[in-house]
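*Asks:* Okay, here's the structure, questions in a sec.
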Amino acid sequence: MRITALRATPVAVPYRTDEVWAFGRRAGLVSVLVEVETDEGLTGLGEAAAYPSADIVLSVLRSLEPLVVGADPLRIEQLIQRVDVVGTWHHTGSSSPAIAAVETACWDLLGKTCGQPLVNLFGGRFRDRVEFFHYVAAAGADAVRAEGRRAAEAGARVCYLKVGAGELAADVARVAALRDGAGPAMGIRVDANEAWSPGAALRAVRALEEYGLELVEQPVSGRNLPEMAYLRGRIGTPLLANESSWTRSDQLAVIRHGAADAVSVDQQMDGGLLNLKRSAGICAAAGLPVVKHSLGELGVALAAAVHVVAATPNFLLPNQGYGALLTDDIVRGAFGGPLENYRDGCLDVPDGPGLGVGLDPDKVDRYAELYRTSAAEFTFHDPDALTAAPALPKR
């Protein structure tokens, strides 16, 4: 079998409410769907988050063509080594989502060739369902309270809320509202996206801890691991590394510094599913649980991650997903996409060969057209953020 072509389709899928973080907001997410075609008529599916933009992903995919077209897609290690070493893409970063999409499509082809779901190729089922948190948009207190109730009614075990607002009082009010709406049993994970200095983080976390936090995600710069370790030793809530831990080398540094109680790992930012499995293994050796991170994904990348997570023991905590925000998806059937496709915050592992999901052509066409006509609405577009002079940390 040989690869004959790479085909890329950017799509834009709306959210039911804007996603808001410390420096902007977006009305939906953009992904680039990747189809790897072969001379035997099989096509493998992959998906790249539009990080840092769809244009960059598309440019990287074009640059990969001389390295990929003509290669055997079942020799996945060999192919990715060619990309990393001959193509000089071993410096992970903005190139990684495109590479991960191609690697995922090769795994899909391998699963289809041998008639096995990917979970069996990554070690077999350790679990049959994969759990996700309920993403609560950082809105006003009343809206957050209502979303907390929605999460509890949907059977979610953990809610996730962005913090790092201009004033600590606003963060406290939202977390208090979430606790009120979701009830006493709900876990609350807060994410500051590096917005705080160490001193401000210590003050903020201590103010929020009375509401019963499950994890505090990346409250300070991910580039200052000694300060992460300092903060970790002075708060009562476990600290989750995120921006500091997207690659295997980053995770090794987090472990060496004792900078986190749990580690966020990401197949897109580290170039593929095999590296996601390796990341979990590195952290398992250090006795740390891992959480799957997401830059925003649809059903193809989500299914790929679900297979690996299901086959890997130390994904012990709810993972990042966008089901609470998305209005739709681009795969056939009821996998991924909107919240109603989840059961108690969980997705079943697909049991078809390869990824076990296929594209819905009508939806792909619809959301590809939406990308062509309205792409700007699906990037972080807050006018106030665009005209400000933002800096990290915020305080």
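The numbers here are math on the coordinates, done by the rules we state, and not lab data. Just so we're clear, the structure is a prediction, and the values are computed from it rather than from any experiment. Because the Cβ atoms are built from the backbone with ideal geometry, glycine has one as well, and the counts that use them run over all protein chains shown.
*Asks:* At R0 = 22 Å, how high is the FRET efficiency between Glu77 and Asp39 if r is their beta carbon distance? Nearest 0.05 is fine.
*Replies:* Values: r = 21 Å, r/R0 = 0.95.
FRET efficiency, Glu77 to Asp39: 0.55.
*Asks:* With Kirkwood radius over Cα pairs in Å as the read-out, I listed [x] 22.2; [y] 21.1; [z] 21.6; which label goes with the value calculated from this structure?
*Replies:* After the calculation, the listed value that fits is [y].
*Asks:* Against the 2.2 N^0.38 Å scaling, with N counting residues, where does the stretch 120-348 land? I'd like the Cα-based Rg ratio to two decimal places. It would help to have the intermediate numbers written out before the result.
*Replies:* On the way: Rg = 16.8 Å, N = 229, 2.2 N^0.38 = 17.3 Å.
Here the Cα radius of gyration is 0.97 times the empirical estimate.
*Asks:* Between Gly28, Gly123, Gly164, where does the largest GNM mean-square fluctuation fall for the chain, given springs only between Cα atoms within less than 10 Å?
*Replies:* The residue with the greatest mean-square fluctuation here is Gly123.
*Asks:* In the neighborhood of Ala137, defined by Cβ-to-Cβ distances under 12 Å, what is the net charge if each Lys or Arg adds +1 and each Asp or Glu adds -1?
*Replies:* Numbers: positive: Arg16, Arg25, Arg26, Arg150, Lys162, Arg174; negative: Asp18, Glu19, Glu147.
Taking every other residue near Ala137 into account, the sum is +3.
*Asks:* Moving on. Sorting check: for 79-87, 252-260, which peptide has the highest mean count of neighbouring beta carbons within 10 Å, and how do the rest follow? Provide the component values of the computation, followed by the final result.
*Replies:* Details: 79-87: 16.9, 252-260: 19.0.
Output ranking for 79-87, 252-260: 252-260, 79-87.
*Asks:* Hey, in the GNM for the chain with a 10 angstrom Cα cutoff, which one of Val69, Val102, Val290 fluctuates hardest?
*Replies:* Result: Val69 has the largest fluctuation of those listed.
*Asks:* So what is the 222 nm mean residue ellipticity for the chain from helices alone, if each DSSP H run of at least 4 adds -39500 (n - 2.57) and you divide by all residues, rounding to the nearest 500 deg cm²/dmol? Each step should come with its number before you reach the end.
*Replies:* Details: 13 runs with 145 residues, N = 395.
Counting only the DSSP helices, I get -11000 deg cm²/dmol.
*Asks:* Set the Förster distance to 51 Å, then compute FRET efficiency between Ala173 and His91 from the Cβ-Cβ distance, nearest 0.05.
*Replies:* Numbers: r = 42 Å, r/R0 = 0.82.
According to the calculation, E is roughly 0.75.
*Asks:* Here's a follow-up. With an 8 Å Cα cut-off and a minimum separation of 6 or more residues, compute the relative contact order for the chain in percent.
*Replies:* On the way: 919 pairs, mean separation 89.0, N = 395.
Answer for the chain is 23 percent.
*Asks:* Oh, and also: For the pair Gln116 and Asp128, how long in nm is the line joining their label points, each one 7 Å along Cα→Cβ?
*Replies:* Spacing of the two 7 Å Cα→Cβ label points: 2.1 nm.
*Asks:* GluC sites (Glu not before Pro), restricted to the stretch 95-187: which are DSSP loop and have at most 12 other Cβ atoms within 10 Å? Before the final figure, lay out the partial values.
*Replies:* Details: sites: Glu103, Glu131, Glu147, Glu153, Glu167; in loops: Glu167.
Passing sites in the stretch 95-187 are Glu167.
*Asks:* GluC sites (Glu not before Pro) within the stretch 26-77: which are DSSP loop residues with at most 15 other Cβ atoms inside 10 Å?
*Replies:* Loop-located and lightly packed - Glu40.
*Asks:* Taking the Cα centre of the chain as origin, work out the dipole magnitude from +1 charges on Lys and Arg Cβ and -1 charges on Asp and Glu Cβ, in debye rounded to 20.
*Replies:* 880
*Asks:* Right, another one. Could you give the nm distance between label points at Arg256 and Ala185, where each point is 7 Å from its Cα heading toward the beta carbon?
*Replies:* Distance between label points: 4.4 nm.
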